[in-house]
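Each remark here refers to the structure printed beneath this line.
The values are calculated or read from the model by the stated rules, or taken from the named source; none is laboratory data. On a predicted model such as this, the values are computed, not experimentally measured, just so you know. Positions of Cβ are backbone-derived with ideal geometry, glycine not excepted, and every protein chain shown enters the neighbour counts. Heads up: the accessible areas ignore ligands, DNA and RNA and are worked out on the full protein's heavy atoms, side chains in. Shrake-Rupley method; radii C 1.70, N 1.55, O 1.52, S 1.80 Å.
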Amino acid sequence: MNKNGKISEANKYSPSGVGGNIDSYTHVRGESVYLDDIPVVNGTLFASAFDSPVAHGKIKLLDTTEAEAMPGVIRIFTAYDIPGENQIGGIIPDEELLANTHVHFCGMPIALVVAETDEAARAAIKKIKVEIELLTIITDPREAKEKGELIIPPRTFQIGDITTAWSQCKYIFEGRTETNGQEHLYIETQGAYAVPQENGVIRIYSSTQGPTAVQRTAARVLAIPMNQIEVDTTRLGGGFGGKEDQATTWGVMCALACYHLKKPVKYSLHRMEDMRMTGKRHPYSSDFKIGLNKDLKILAYEAVFYQNAGAAADLSPAVMERTLFHCTNSYFIPNVKATAYCCRTNLPPNTAFRGFGGPQGMFVIEAAIAKAAEQLNIPAYEIQQKNLLQTGDEFPYGQKAESEANECWSKTNQLYGIKKLQQNVDDFNSKNKLYKKGMALMPICFGISFTKTLMNQARALVHVYTDGSVGISTGAVEMGQGVNTKMLQVAAKIFSIDPVNIKVTTTNTYRIANTSPTAASAAADLNGRATEIACNAVLQRLKQVAADELKVEVSKIEIKEETVFANGSKTEWDWKKLVMATYSKRISLSELAHYTPEDIHFNLNKEKGHPFVYHVYGTAISIVTIDCIRGIYEVDSVKVVHDFGKSMNTMIDLGQCEGGIVQGIGWMTMEELLYNKEGKLMTSALSTYKVPDIYSVPKEITIHFLKTQKNNSAIFGSKAVGEPPLMYGIGAYFALHNAVKAFNTTAGLKYDAPMTPEKVLMGLYSPAKKNELLNAEGIKVI
Ligand code: MTE
Ligand code: LUZ
Ligand code: MOS
C-alpha cells in the first residue's frame with residue numbers, strides 16, 4: 001500500500017501490497033502452506049521407500065525380517081501387497097510402483113517401510129536385505145537404440161524434399177551434439193500425505209502438478225473407483241515439470257499404506273532420496289546436417305535425436321514429440337527431416353522439465369548454425385537473422401507461423417544494437433589478453449498447448465457468496481508461477497470488484513474433476529478462460545436481476561467497481577445489494593464452466609496438423625566474460641525482447657522470465673548430471689551438483705515487453721510465459737563458445753552442454769593453443 005493508503009496497480013492483488021503475487025504476503029511471513037506445513041493428524045505414520053542399489057537385475061531374495069523387528073516399524077509393503085495393478089505408467093503401462101521380479105534403475109522403489117516416525121522408517125530401510133542378479137546395464141541412448149531398446153517406434157517430421165535439397169546447397173555442415181539432463185531441484189521435495197476418511201475414502205494431500213494423475217493412479221493401484229480418492233493441493237514449492245507425472249509415486253505409496261493400515265501416512269522425501277529416485281530432464285545425443293545457399297538461406301536440415309528416456313516411458317514419448325515440434329526453432333527451413341528415438345536405458349525414467357524437449361531440439365539447430373557460422377567465419381546472427389520465420393511460413397508439422405519472430409528480432413536490434421554490441425565485444429577482446437568476451441543471439445519460438453490435443457481442456461467453479469465475496473476453484477496448481485493470482489485477476493476484472501473479496505481455493509479433485517496437469521505453460525490460459533466463462537455466466541444473471549429491478553434492458557446494465565450502472569449512469573445499487581437480491585430470487589450464484597480451445601488438431605499418421613493455439617516468440621542477446629587463466633566465467637548481460645501478447649501481470653511475467661533464463665543458463669553452463677557406467681547417480685547432492693546461485697545470475701537481465709496485438713486466444717491476450725524464457729539460456733552456451741574462440745581460434749570445441757568451467761579451460765588450452773602459449777613457466781609466456 002502506498003502513502004495514501006491506496007493499493008497501486010501493480011500491488012493490488014496482494015493484501016500487503018508487497019508484490020504482484022497474492023502469495024507474497026504469506027511467503028515472506030512464512031505462513032504459506034506446503035505439504036510439510038499441513039498439521040499432522042494424531043496417529044500419523046511415516047513412510048519411506050527402500051530403493052534398488054543396482055541399475056538392472058533380477059531380484060533373487062528380498063529379506064525384510066530384520067527391518068520389521070526394528071523399533072517403531074509397523075509394516076513393510078512390497079509388490080505383493082498391491083490390491084489392484086502394480087502400475088503407475090501414464091502414457092504406457094510399463095512402470096511398477098514397487099519392483100516385483102526385476103529392477104530397472106538405481107533408485108527404483110522395491111519396498112515401502114511404514115513406521116511411527118520418519119527416523120524409524122529410515123533406520124529400518126538400512127536393515128532390508130536384497131540379493132539381485134545383475135543384468136546388462138545400458139546408460140547410453142545410442143547403445144540402447146543399437147540394441148533395439150526403444151520405448152516407442154521412432155517418429156519423423158518432414159517437410160519439402162530433403163534428398164534433392166542437398167544438391168542445391170552451396171555449404172553443407174554436419175556434426176554431433178550432446179545436451180545433458182537437469183535436476184529439477186524444486187525447493188520443496190516430493191511428498192504426500194494420505195488421510196483415511198469414512199467409507200473407505202482416502203484424501204491425499206500431494207505436492208503434485210497433476211492431482212488427477214495421482215487420483216487416477218491411486219484408484220488403479222488400489223482397485224477402487226476414482227470417486228473414493230480425493231486429492232488436494234494447496235501449492236508446491238516448485239515443480240518445473242518434475243511433479244507433472246512423478247509426484248504420483250509418492251501419493252500412491254501413501255495411499256497404499258493408508259488403505260491397508262487405515263491410518264494417516266505421510267512421506268516427504270529427503271533431498272538425496274529425491275535426487276536419486278526421480279527422473280530429470282532428458283539428456284539427448286543428436287546428429288545434424290545443415291545446408292545453406294550462397295545467400296546463407298538454410299535450404300536443408302536433417303536431425304536425428306537420441307533421447308535418453310530412462311527405464312520407463314513416463315512422459316518421454318510426449319517430450320520427444322515436442323523436440324520434433326521445436327527442431328527448427330524460430331527459423332523457416334523449406335526442407336527438413338527430423339527423426340527421434342525414444343531410447344530405453346537403465347536410468348530413472350526421465351520426465352517433464354520446463355521446455356519439455358523443446359530446448360533439446362532447439363540446441364541442435366543452434367549448434368548447426370553455430371558450426372556453419374564458424375566454418376564460414378561470420379557471426380552466427382547473420383545466418384539466424386536471414387532465416388527467421390515470416391508470417392505464413394510452414395513448420396515441418398504443417399502449422400503456419402505468425403510474424404513475431406521477425407518482430408522480436410528487429411525490436412532487439414533497434415533497442416540494443418546487435419552490431420554495436422558485437423563491436424564492443426570485439427574491441428574488448430582486442431585490448432584484453434586474459435579476459436575474453438563472447439556474444440550470442442538466441443531467438444525462441446515455443447508452441448502453446450499440450451501437444452496431445454485432448455489434454456487441452458479445463459474447468460472452473462465460481463461461487464459468489466451472499467455477502468458478495470467470491471470463491472474460485474480451478475484445476476490449476478500454484479507452484480510459484482502465479483497462476484492463482486492470474487485466476488483472481490480474471491474474476492476481479494469480469495465482476496469489477498475489489499480483489500480482496502476474492503479467494504482462490506486449493507486445487508481439489510472433488511471440486512474440479514478430470515484435470516490436465518498444470519503444465520505446458522497452459523494453466524493460466526486454460527483455467528483462466530474457464531474462469532472467465534464461469535464469471536461471465538454469473539455476471540449475466542446478476543445483470544438480469546439489476547435490469548429487472550431497474551426496469552432497463554439488460555444490455556444497458558454495467559457493473560463498475562462494485563457499483564451498478566444503468567444507461568451509463570450510477571444507480572444506488574451496489575455489488576452486495578445485487579448479489580443478495582439475486583439470491584433472494586432463488587437464482588444461482590454459482591457456475592461450473594468448461595473451456596477447450598477450438599481449431600487445434602494433429603494427425604499422427606501424417607505428422608501434420610495445427611497442434612498449438614499460438615506461439616510465443618522472443619530474442620535474447622547474451623554476453624559473457626571468461627577468465628582465460630582459470631576458465632571461470634560470468635554472464636554479463638542477457639538483453640531480451642519477449643512477446644507477451646498483452647501481459648496481465650507484468651511483475652509475475654517478469655519473474656517468470658528472469659527465473660526461466662537463470663534456470664536455462666544453469667542447464668547450459670554449470671549443472672552437470674553424472675551417472676557412472678553402473679547407472680549410479682554420482683551427483684546426488686548439492687555438494688556435487690551445482691545449480692545457479694546469486695553469484696551466477698547474469699549481472700544484467702533486461703526484459704523488454706513486446707506488446708503484440710494479434711488475436712491470440714490467450715487469457716485477456718496475455719500470452720503463456722512459464723516455459724519459453726528458459727530457452728534464452730541456450731544463448732549463454734554459444735556466447736561462451738565464442739569467448740573461448742576469441743582466445744583460442746583452434747579450440748575445436750564440441751557441441752557438448754553444459755559448458756562448465758572445466759570445459760572452458762580445456763577449450764582455452766586445447767593442444768594447438770597449449771603449444772603456442774605454455775612453456776616450462778606455464779602461462780607467463782603470454
Ligand atoms: N515457476 C515457478 N516459480 N515454479 C515452477 O515450478 N514451473 C514452470 C513454469 N514456471 C514453475 C514456474 C513450468 S515447467 C511450467 S509448465 C509453468 O510454470 C506452469 O505454469 P503455467 O501453465 O501457469 O505457466
Ligand atoms: N506436458 C504434456 C507438457 O503432457 N504435454 C505437453 O505438450 C507439454 N508441453 C510442455 C510441458 N509439459
Ligand atoms: Mo512444465 S515442463 O510443462 O511442467
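Of all the residues in the stretch 235-263, those that are out of contact with any His (no Cβ under 8 Å at 6 or more places or on another chain) and either away from ligand 2 (no atom under 16 Å from the Cβ) or open to solvent by 10 Å² or more (accessible area, probe 1.4 Å) (or both) number 20.
For the stretch 51-93, the set of residues classified as of a type outside the set (A, V, I, L, M, F, W, C), open to solvent by less than 50 Å² (accessible area, probe 1.4 Å) and in a loop (DSSP other than H, G, I, E, B) consists of Ser52, His56, Thr64, Gly72, Thr78, Gly84, Asn86, Gln87, Gly89, listed by residue number.
Of the residues making up the stretch 143-161, just one is surrounded by fewer than 16 Cβ atoms within 10 Å (Cβ to Cβ) and basic (Lys, Arg), namely Lys147.
The set of residues in the stretch 212-229 that are in contact with a strand residue (DSSP E or B) (Cβ under 8 Å, 6 or more places away or on another chain) and either within 16 Å of ligand 2 (Cβ to nearest atom) or at pLDDT below 95 (or both) comprises Thr212, Val214.
Number of residues in the stretch 434-453 that are over 34 Å from the mean Cα position of the chain (by Cα) and either modelled with pLDDT under 95 or of a type in the set (Ser, Thr, Tyr) (or both): the value is 1. Check off (1) open to solvent by less than 10 Å² (accessible area, probe 1.4 Å); (2) in contact with a helix residue (DSSP H, G or I) (Cβ under 6 Å, 6 or more places away or on another chain) for His615 and give me the number that stays unchecked. Only one criterion in (1) open to solvent by less than 10 Å² (accessible area, probe 1.4 Å); (2) in contact with a helix residue (DSSP H, G or I) (Cβ under 6 Å, 6 or more places away or on another chain) is unmet by His615, namely (2). Per the conditions (1) without any contact (Cβ under 8 Å) to a residue 40 or more places away in the chain; (2) in a helix (DSSP H, G or I), the sole criterion not satisfied by Lys503 is (2). Report whether or not Lys400 is buried (at least 17 other Cβ atoms within 10 Å of the Cβ), among the charged types (D, E, K, R) and touching a strand residue (DSSP E or B) at 6+ places or on another chain (Cβ under 7 Å). No, not satisfied.
Kindly indicate whether Tyr381 is buried (at least 21 other Cβ atoms within 10 Å of the Cβ), among the hydroxyl-bearing types (Ser, Thr, Tyr), within 16 Å of ligand 2 (Cβ to nearest atom) and at pLDDT 95 or above. Lay out the reasoning, then the answer.
Details: buried (at least 21 other Cβ atoms within 10 Å of the Cβ): yes; among the hydroxyl-bearing types (Ser, Thr, Tyr): yes; within 16 Å of ligand 2 (Cβ to nearest atom): no; at pLDDT 95 or above: yes.
Here the answer is no, as Tyr381 does not meet what is asked.
Applying the condition of being touching a helix residue (DSSP H, G or I) at 6+ places or on another chain (Cβ under 6 Å) and of a type in the set (S, T, N, Q) to the stretch 670-715 and asking which residue is surrounded by the fewest Cβ atoms within 10 Å (Cβ to Cβ) yields Thr708. Here is the figure for the stretch 423-454: residues that are surrounded by fewer than 18 Cβ atoms within 10 Å (Cβ to Cβ) and closer than 30 Å to Leu604 by Cβ total 3. Among the residues of the stretch 709-729, those identified as in a loop (DSSP other than H, G, I, E, B), over 23 Å from Gly358 (Cα atoms) and in contact (Cβ under 8 Å) with a residue 12 or more places away in the chain are Gln709, Lys710.
Considering Asp467, Asp426, the condition of being more than 16 Å from ligand 1 (Cβ to nearest atom) and part of a loop (DSSP other than H, G, I, E, B) is satisfied by Asp467 alone.
Based on what the data block shows, is Tyr633 open to solvent by 30 Å² or more (accessible area, probe 1.4 Å) and free of Cβ contacts under 8 Å to residues at least 12 places away in the same chain? Step through it out loud before you land on a result.
Details: open to solvent by 30 Å² or more (accessible area, probe 1.4 Å): yes; free of Cβ contacts under 8 Å to residues at least 12 places away in the same chain: no.
Criteria not met by Tyr633.
A Cβ distance below 7 Å, combined with a sequence gap of six or more or placement on separate chains, defines the contacts here; from the stretch 433-459, residues that are closer than 30 Å to Thr531 by Cβ reach residues that are surrounded by 24 or more Cβ atoms within 10 Å (Cβ to Cβ) and among the basic types (Lys, Arg) in the pairs Thr451/Arg322.
Residues in the stretch 116-124 include none that are polar (S, T, N, Q), open to solvent by less than 20 Å² (accessible area, probe 1.4 Å), in contact (Cβ under 8 Å) with a residue 12 or more places away in the chain and in contact with a Gly (Cβ under 9 Å, 6 or more places away or on another chain). Every condition in (1) more than 16 Å from ligand 2 (Cβ to nearest atom); (2) surrounded by 22 or more Cβ atoms within 10 Å (Cβ to Cβ) holds for Asp232 except the one numbered (2).
Pairing each residue of the stretch 314-329 that is without any contact (Cβ under 8 Å) to a residue 24 or more places away in the chain with any residue that is open to solvent by 10 Å² or more (accessible area, probe 1.4 Å) and more than 10 Å from ligand 2 (Cβ to nearest atom), provided the two are 6+ apart or on different chains, yields no C-beta distance under 8 Å.
Find the residue count for the stretch 492-548, including only residues that are within 16 Å of ligand 2 (Cβ to nearest atom) and either crowded, with 20+ Cβ neighbours inside 10 Å or of a type in the set (Ser, Thr, Tyr) (or both). The number of residues fulfilling the criteria is 13.
Can you pull out the strands (runs of 3 or more DSSP E) entirely within the stretch 200-317 that have at least 1 residues that are of a type in the set (Phe, Trp, Tyr) and farther than 20 Å from Arg354 by Cβ? Quick ask: steps written out before the conclusion?
Working: elements: 202-206, 229-233, 265-268, 284-292, 298-310.
The strands (runs of 3 or more DSSP E) meeting that bar are 202-206, 265-268, 284-292, 298-310.
Which ones in the stretch 317-357 are more than 16 Å from ligand 1 (Cβ to nearest atom), aromatic (Phe, Trp, Tyr) and open to solvent by less than 10 Å² (accessible area, probe 1.4 Å)? Don't jump to the end; show me each part of the working.
Initially, the stretch 317-357 is screened for residues more than 16 Å from ligand 1 (Cβ to nearest atom), giving 317, 320, 324, 327-349.
Checking which are aromatic (Phe, Trp, Tyr) leaves us with 331-332, 341.
The answer is Tyr331, and nothing else.
Among the residues of the stretch 94-123, those that are closer than 27 Å to Thr139 by Cβ, assigned to a loop (DSSP other than H, G, I, E, B) and out of contact with any Pro (no Cβ under 8 Å at 6 or more places or on another chain) comprise Asp94, Glu96, Asn100, Thr101, His104.
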